[in-house]
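Undergrad: Mind having a look at this structure? Questions to follow.
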Amino acid sequence: MPADLRQAIDTTTVAMLRARGSFKWTAPGPDGLGAAVAEMDFGAAPPIVDALAGLSADANFGYLPPSLADELAAACAEFERRRYGWDVDPEFVRHVPDVIKALEIAITHFSRPGSPVILPTPAYMPFLAVPGLLGREIIQVPMRDEAGFFTLDLDAISGGFRGGGHLLIFCNPCNPLGRVYTSAEMASLTDVVERHGGRVFADEVHGPLVYPGTRHIPYASTSDAAASHTLTATSASKAWNLPGLKCAQVILTNEPDRRRWEEMGLFAARGASNPGVVANIAAFRHGEAWLDEVLGYLDDSRRLLARLLGRLLPQVRYRPPDGTYLAWLDCSAMDLPHSPGALVTDRAHITVVDGPAFGAGGAGAFRFNFATPQPILATMVERIAAVLNTG
């Protein structure tokens, strides 16, 4: 594509994205580009738009009715069965406003009082903040980095349990690293958790965003042992770009946890909105064709990013993610005077999330969201290269 034509497309598209008013595109300022917030720039699936229009036409803006909550549970269970082969009973699906609320519940109601939370790092930023807000210590466990291929350090996780930790946060697909864990890896993790009598909070919100050659396997589906110690959090929010609508699901996979959830009472988990519930139902039941089209585009984009980096920033280490639309760019081989994420944000005027924000193991890297039109992606990489290559 000629550079002048691409520039025209970039300018028009960026203006449209800014006009939408999202935090992702307004935070960078009038000349900035947004690649920090985990949102996609591809609009919304038509079945979701139609479902929200129907809700508005009915003025169904009151409290969430039980019938709609039941429909959400059924739609989530159907999707888990159809997409992943996991047979989930709708009776065991609960609604919450978002994954962070699910984590708060897991820590407060399902882990040993006062016990530290074990967190493999680099990790999604709120996972480093929420436990402390609830009065819990965080035991950070840096992952093993094998030339850009990250794996769980099971010995260190075991040490975290021995050090008093009780709940392990397990993010699969992993934000920010893009790993999709194998059944063998999860079986080994289950052995460690069982040996120490631990619990697992499985964040699987990026589960639908997995590329050809890999497969998302819900952790709790891998064995009876995993099911006995896991709370699974999921949602349509990431795969269909719905986080502002406030709806997620917790899947309970053992009877003690189901009883405990009922004992919490009505108000412990409340907050899912009617629009969010309706949008999640539409996504799970009627949104897969749109999702698969987006995944095809993202698959091309993650490979385009590899080519662009290979040409413009060959010293940056990048492994195309197995899942998510988030790239982990390791600049530690470059002789940079400042943190690369700060340089990119401050000088290239492209908002990214600097590696240290993800905890131990994040220094020298940054997270980059590539879920944007490919001409904009190319422009971003060119601007990043111009800054990092000059330091």
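Undergrad: Would you confirm whether any residue within the range 49-60 is open to solvent by less than 70 Å² (accessible area, probe 1.4 Å) and among the β-branched types (Val, Ile, Thr)?
TA: no
Every residue, every condition in (1) open to solvent by 30 Å² or more (accessible area, probe 1.4 Å); (2) part of a strand (DSSP E or B); (3) at pLDDT 95 or above; (4) in contact with a helix residue (DSSP H, G or I) (Cβ under 6 Å, 6 or more places away or on another chain), yes or no:
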position: Asp145; (1), (2), (3), (4): yes, yes, yes, no
position: Ile157; (1), (2), (3), (4): no, no, yes, yes
position: Phe161; (1), (2), (3), (4): no, no, yes, no
position: Cys174; (1), (2), (3), (4): no, no, yes, no
position: Glu185; (1), (2), (3), (4): yes, no, yes, no
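Undergrad: From the list Leu295, Leu312, which one is over 30 Å from Thr108 (Cα atoms), in contact with a helix residue (DSSP H, G or I) (Cβ under 8 Å, 6 or more places away or on another chain) and in contact (Cβ under 8 Å) with a residue 24 or more places away in the chain?
TA: Testing whether each residue is over 30 Å from Thr108 (Cα atoms), in contact with a helix residue (DSSP H, G or I) (Cβ under 8 Å, 6 or more places away or on another chain) and in contact (Cβ under 8 Å) with a residue 24 or more places away in the chain leaves just Leu312.
Undergrad: Any idea which of Ala106, Ala75 is of a type outside the set (Phe, Trp, Tyr), part of a helix (DSSP H, G or I), buried (at least 16 other Cβ atoms within 10 Å of the Cβ) and touching a strand residue (DSSP E or B) at 6+ places or on another chain (Cβ under 7 Å)? Lay out the reasoning, then the answer.
TA: On the way: Ala75 fails: touching a strand residue (DSSP E or B) at 6+ places or on another chain (Cβ under 7 Å).
Just a single option satisfies the conditions, and that option is Ala106.
Undergrad: Let me ask something additional. So, restricting to helices (runs of 4 or more DSSP H) that lie completely within the range 212-315, which ones have at least 3 residues that are exposed (fewer than 15 other Cβ atoms within 10 Å of the Cβ) and acidic (Asp, Glu)?
TA: Answer list for the range 212-315: 255-264, 288-312.
Undergrad: Please determine whether any residue of the range 356-363 is open to solvent by 20 Å² or more (accessible area, probe 1.4 Å), on the phi > 0 side of the Ramachandran plot and over 21 Å from the mean Cα position of the chain (by Cα).
TA: Among the residues of the range 356-363, not one is open to solvent by 20 Å² or more (accessible area, probe 1.4 Å), on the phi > 0 side of the Ramachandran plot and over 21 Å from the mean Cα position of the chain (by Cα), which makes the answer no.
Undergrad: Pro126 is checked against (1) open to solvent by 20 Å² or more (accessible area, probe 1.4 Å); (2) closer than 24 Å to Val200 by Cα; (3) touching a residue at least 40 places away in the same chain (Cβ under 8 Å) and fails just one. What number does that condition carry?
TA: Answer for Pro126: the failing condition is (3).
Undergrad: Still on this structure, I have one more. Can you name every residue in the range 130-143 that is outside any strand (DSSP E or B), of a type in the set (A, V, I, L, M) and open to solvent by less than 50 Å² (accessible area, probe 1.4 Å)? Explain how you work it out, then say what you get.
TA: First, pick out the residues of the range 130-143 that are outside any strand (DSSP E or B): 130-137, 143.
From what's left, of a type in the set (A, V, I, L, M): 130, 133-134, 143.
Answer for the range 130-143, where residues must be outside any strand (DSSP E or B), of a type in the set (A, V, I, L, M) and open to solvent by less than 50 Å² (accessible area, probe 1.4 Å): Val130, Met143.
Undergrad: Continuing with the same structure: It is to be established whether one or more residues within the range 337-348 are open to solvent by 10 Å² or more (accessible area, probe 1.4 Å), more than 22 Å from the chain's Cα centre (by Cα), acidic (Asp, Glu) and modelled with pLDDT under 95.
TA: no
The values are calculated or read from the model by the stated rules, or taken from the named source; none is laboratory data. All of these numbers come straight from a predicted model, not from anything done at the bench. Neighbour counts are summed over all protein chains in view; Cβ atoms, including those assigned to glycine, are modelled from backbone coordinates with ideal geometry. When the accessible area is computed, the model is the full protein with side chains, heavy atoms only, and any ligands, DNA or RNA have been set aside. Shrake-Rupley method; radii C 1.70, N 1.55, O 1.52, S 1.80 Å.
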